[in-house]
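The values are calculated or read from the model by the stated rules, or taken from the named source; none is laboratory data. From a predicted model like this one, the values you see are computed outputs, not experimental measurements. We place every Cβ from the backbone using ideal geometry, glycine too, and count neighbours over all the protein chains shown. For the accessible areas, the whole protein counts, side chains as well, though only heavy atoms, and no ligand, DNA or RNA atoms are used. Shrake-Rupley method; radii C 1.70, N 1.55, O 1.52, S 1.80 Å.
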Amino acid sequence: MATTPKLSRKDVLQWTPKAPHKDPWLRCRTTKGLCLHVRPNKDGQWARTFYVLYRWGGRPLYRALGPVGHPAWTLEQAEEEVRRLRRRVQQAKLRGEPNPLRLVNVEPEPEITLAQLAGEYQRLTTKSDRVKREDEGRWSNHVLPFKPPGSRAVLGRRAVADLTVRDLEELKAGMAGKPVAFNLVRRMLRHALNKAKAWGHIPDSKLAMWSNPAAEVEEYPTKKRERVFHDRELRAIHHVLNAKISDAVDAWRTHGRRLTQRRARLLVALRIFLRNPMRPGELRRTQRPFIHWRRSLIDLPEVKGDRKVVKGRIVALGSRTLEDIRLLDELAEGCPWLLPSPKKDGPASRSCFRKIWGEVCQAADRHSGTQLGGDDTATPYVFRHTGINAHSEAGIDGWDMADLAGHAERGETTRIYRHTDSQRLVRVAQQLEDHLEAILQNRV
């Protein structure tokens, strides 16, 4: 019967028994997954073999590397090989591939490019569909096609491990006009490069000296946007909306195309939000029977909004908003909804304004030099905040503004008697609309 092997001083420092009664298997204290199997051979000597321990399918598995003392398997080389193989296993689990250590030949993969990492990042990260679409736009519009000065290739063809801080500094300088957009790109890149390290895309020869270059680039100092549009932004948006609505309505009346008709409806709806502090969900859920043309009112019943059930209330309309409602009714062409869905019977979806709003923001940036295009917080709902925050400048009483906006702060009694003062709300809506028009015409 073989006795317990006597380990050298180096072995005692680096290895520890798995259990007192199972002395042939020893595990490394410093490198996870590296094991030493000690057993007697035919000559009465102790054979020591390096193994890598990993988990696959919920159970532990071993793979032999080679005997200790072999020219290719010193302790340091065995540690490096174990780290590489365990990264390969983790990467195969994430990709849904078969066990790579069961293959006949386990060769290191070539270094992947930033474009390949972008595809893998979009496929494997657990983000919502909306965030993935935004990330895809940042990859394709800003990162992958960018060519740093003095470089022979764009960033999309560069190896991930070869990306440097200087490359990202050049990217930052190229996006100096869009500081908010660069900050979002930098955060996405930092997360993607950390994932590349976890997925084993950084070679072992470069891993010791590699650090995430995106983490070393500072963001642009940006102030968080207030939930209102400033006067200059309002005037730019108003100018763009007037021009686009005129072109879309003329094209629809001339050619009668349904795509142009839907585009005109969405543009007119955005101009309504600019002039009236109603919720976007309330306009999307408005039907023809709810509109009282002579009284300039929309009498909304209890409808299901974007986030909760919107209780019935009166929406007062100014004269200019009423004209846009009539135009929207003309563009609806007999449909019961003012903003019908193009794919099914019912109202338009919550995301119907995303594309057309992006075009308006980009056109406003080109026209007036604003920075709305790269700002994710600038949404059509900010029009509601802008109108409510302008009530003091327009001289509107706070209680009247609460009724106009549909807030419930005044209590149950106020909501019960809200129909008795409907004409007063129309006058309040006209007063606010006149004040906003003065801002748009730069008369304030």
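Would you point out which residue out of Glu218, Glu226 is outside any helix (DSSP H, G or I) and modelled with pLDDT of 90 or more?
Working: Glu226 fails: modelled with pLDDT of 90 or more.
Exactly one of Glu218, Glu226 is outside any helix (DSSP H, G or I) and modelled with pLDDT of 90 or more, namely Glu218.
For every residue, the table says whether it meets (1) within 42 Å of the chain's Cα centre (by Cα); (2) of a type in the set (Val, Ile, Thr); (3) at pLDDT below 65; (4) surrounded by fewer than 15 Cβ atoms within 10 Å (Cβ to Cβ).
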position	(1), (2), (3), (4)
Lys10	no, no, yes, yes
Leu34	yes, no, no, no
Thr49	no, yes, no, no
Arg83	yes, no, no, no
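Quick check on this structure: which one of Val160, Val143 is touching a strand residue (DSSP E or B) at 6+ places or on another chain (Cβ under 8 Å) and either of a type outside the set (Lys, Arg) or at pLDDT 90 or above (or both)?
Details: Val143 fails: touching a strand residue (DSSP E or B) at 6+ places or on another chain (Cβ under 8 Å).
The conditions single out Val160.
If you go through region 225-249, how many residues are open to solvent by 20 Å² or more (accessible area, probe 1.4 Å) and either more than 15 Å from Asn442 (Cβ to Cβ) or among the hydroxyl-bearing types (Ser, Thr, Tyr) (or both)? Don't jump to the end; show me each part of the working.
Residues of region 225-249 open to solvent by 20 Å² or more (accessible area, probe 1.4 Å): 225-228, 230-233, 235, 239, 242-244, 246-247.
Imposing the further condition that a residue be either more than 15 Å from Asn442 (Cβ to Cβ) or among the hydroxyl-bearing types (Ser, Thr, Tyr) (or both) reduces the set to 225-228, 243-244, 246-247.
Within region 225-249, residues that are open to solvent by 20 Å² or more (accessible area, probe 1.4 Å) and either more than 15 Å from Asn442 (Cβ to Cβ) or among the hydroxyl-bearing types (Ser, Thr, Tyr) (or both) number 8.
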> Identify, please: which residue in region 113-143 is over 11 Å from the mean Cα position of the chain (by Cα) and under 11 Å from Leu189 (Cβ atoms) and is, among those, most open to solvent (accessible area, probe 1.4 Å)?
Replying inline: His142
> Regarding Arg166, is this residue surrounded by 19 or more Cβ atoms within 10 Å (Cβ to Cβ) and of a type in the set (Lys, Arg)?
Replying inline: no
> Of the residues that sit in region 146-163 and are in contact with a helix residue (DSSP H, G or I) (Cβ under 7 Å, 6 or more places away or on another chain) and either without any contact (Cβ under 8 Å) to a residue 40 or more places away in the chain or hydroxyl-bearing (Ser, Thr, Tyr) (or both), which one is most open to solvent (accessible area, probe 1.4 Å)?
Replying inline: Pro149
> Out of all the residues in region 363-374, which are surrounded by 15 or more Cβ atoms within 10 Å (Cβ to Cβ) and assigned to a helix (DSSP H, G or I)?
Replying inline: Ala363, Ala364, Asp365, Ser368
> How about region 180-205: which of its residues are open to solvent by 10 Å² or more (accessible area, probe 1.4 Å) and not in a helix (DSSP H, G or I)?
Replying inline: Trp199, Gly200, His201, Pro203
> Restricting to region 375-409, what's the tally of residues that are assigned to a loop (DSSP other than H, G, I, E, B) and among the charged types (D, E, K, R)?
Replying inline: 4
> Val382 is checked against (1) closer than 21 Å to Glu134 by Cα; (2) touching a residue at least 12 places away in the same chain (Cβ under 8 Å); (3) open to solvent by 30 Å² or more (accessible area, probe 1.4 Å) and fails just one. What number does that condition carry?
Replying inline: (3)
